[in-house]
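Note sheet for the following structure.
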Amino acid sequence: MGACASAPVYEGPHKQVVVIGGGFGAIATAKALVAGKSQIGVTLVSPLDYLDISWGTPRGLVEPNTAARQVVPYSKIFPSGKIAHKQNKAAKVTATHVVTDSGEELPYDQLVIATGSVYGPDSEAAILKPETGVGANRVEEIKALGSKIATSKGVLIIGAGLSGIEMAGEIAFTYPNVPVKLVCSDEAIGVKFPKSVAEGVTKELAKLPNLQVIYSTKASKADSEKYGCDLCFLTTGLKPVTGFLKDGVLSDAVDDFGYVGTTPELTVRDHPNIFAIGDCAYPGIFLNAPRGTMSGYQTVEACKATLVPNVIRALAGKPLKGVNAGKAGGVMTVHKKAGFGYMDKFVIPAFIVRSMKCPDAFREKTWKDFTGAKPPTA
């Protein structure tokens, strides 16, 4: 699940690629493009100076002493001098340049947009998708919220998707004296999961006496007091980070929901030298998810198989290849002793999930994939 290792080699004259974003799609793309002796110059535009292992956040919140394990500094990922990192946000995209918030203009031959999505700022769930900051501050942010959870009079979690389930299970399991309310808008947990996975998750959640699942209900942060809670995680309503595109050359490529429309080759429609990937993009072929966006797993796989090879093909003037939709699904930890997963119709045996993800939420594996080194012990 690390960088895109199988990309073709570019051997032409020097070309410049700008990558906007700081998550897995952006970092894996940038890392692959500068691998080896290449004539590709890469500029990374990200307000972060670290890769956040977002799926490790629920574990980090209940084990604050391990928070540093999910923050991977860019300095550990990229060899010195391999990329130019502009620690800023993109403000505008023209046909030839990316303009940053500070007004700097960055020229590109090819552009990759991988800005991801964020939760609303009025919810503690915003911590699951950091937008700015340095790694040390991110660690302290996780620790601070973790301390609030440990002493909370009640935690309200709205949304029973993968993130909501993991947050609810991890908190309830670790802090048996903290009441946890999980609001599910459906009549059952995991209506889109394979039956055995949905039943397994429901059974494990029911074993936690301080966790109550509230079915067929919609709620907001304003309902926290009604449910006796002083913390609220709204794990629904992700919004793509694409506002900076609306005034530039890509204003026609952003739909009413904020997604960037792409072709099966992952180029932005009508813009053959601009690519987009991840949950800010809408390839139109992933019909098993809202707005047809990619899951994290699909993003990484599409990066390896399609995005980076197509960027290199485009630089060389060669035909591009279409992306395969990949496998839908996910691997979730209900808590550190229980987990479930599936890919398409294949159900991953629970004992495999327990042995692979439950111990450390894939944080050590991710560190090794991107840096070749183990994460900090604390």
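The values are calculated or read from the model by the stated rules, or taken from the named source; none is laboratory data. Given the structure is predicted, the values throughout are model-derived calculations rather than measurements. A quick note on method: Cβ atoms are made from the backbone with ideal geometry, for glycine too, and the neighbour counts reach across all protein chains shown.
Here residue 67 clears all of (1) more than 20 Å from residue 144 (Cβ to Cβ); (2) among the hydrophobic types (A, V, I, L, M, F, W, C); (3) modelled with pLDDT under 95 except the condition numbered (1).
To keep it simple, each residue is scored yes or no on (1) assigned to a strand (DSSP E or B); (2) over 22 Å from residue 354 (Cα atoms).
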site	(1), (2)
148	no, yes
182	yes, yes
186	no, yes
208	no, no
222	no, yes
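Does segment 264-283 contain at least one residue that is under 22 Å from residue 191 (Cα atoms) and either more than 25 Å from the chain's Cα centre (by Cα) or not acidic (Asp, Glu) (or both)? There is no residue in segment 264-283 that is under 22 Å from residue 191 (Cα atoms) and either more than 25 Å from the chain's Cα centre (by Cα) or not acidic (Asp, Glu) (or both).
Scanning segment 238-266 for residues that are closer than 16 Å to residue 112 by Cβ, touching an Asp or Glu at 6+ places or on another chain (Cβ under 8 Å) and aliphatic (A, V, I, L, M) turns up 241, 253. Restricting attention to segment 232-253, the residues being assigned to a strand (DSSP E or B), modelled with pLDDT of 90 or more and surrounded by fewer than 21 Cβ atoms within 10 Å (Cβ to Cβ) number 0.
Tell me the strands (runs of 3 or more DSSP E) entirely within segment 1-109 that contain at least 1 residues that are surrounded by fewer than 21 Cβ atoms within 10 Å (Cβ to Cβ). So the answer is 15-20, 40-45, 71-73, 84-86, 90-93, 97-100, 105-107.
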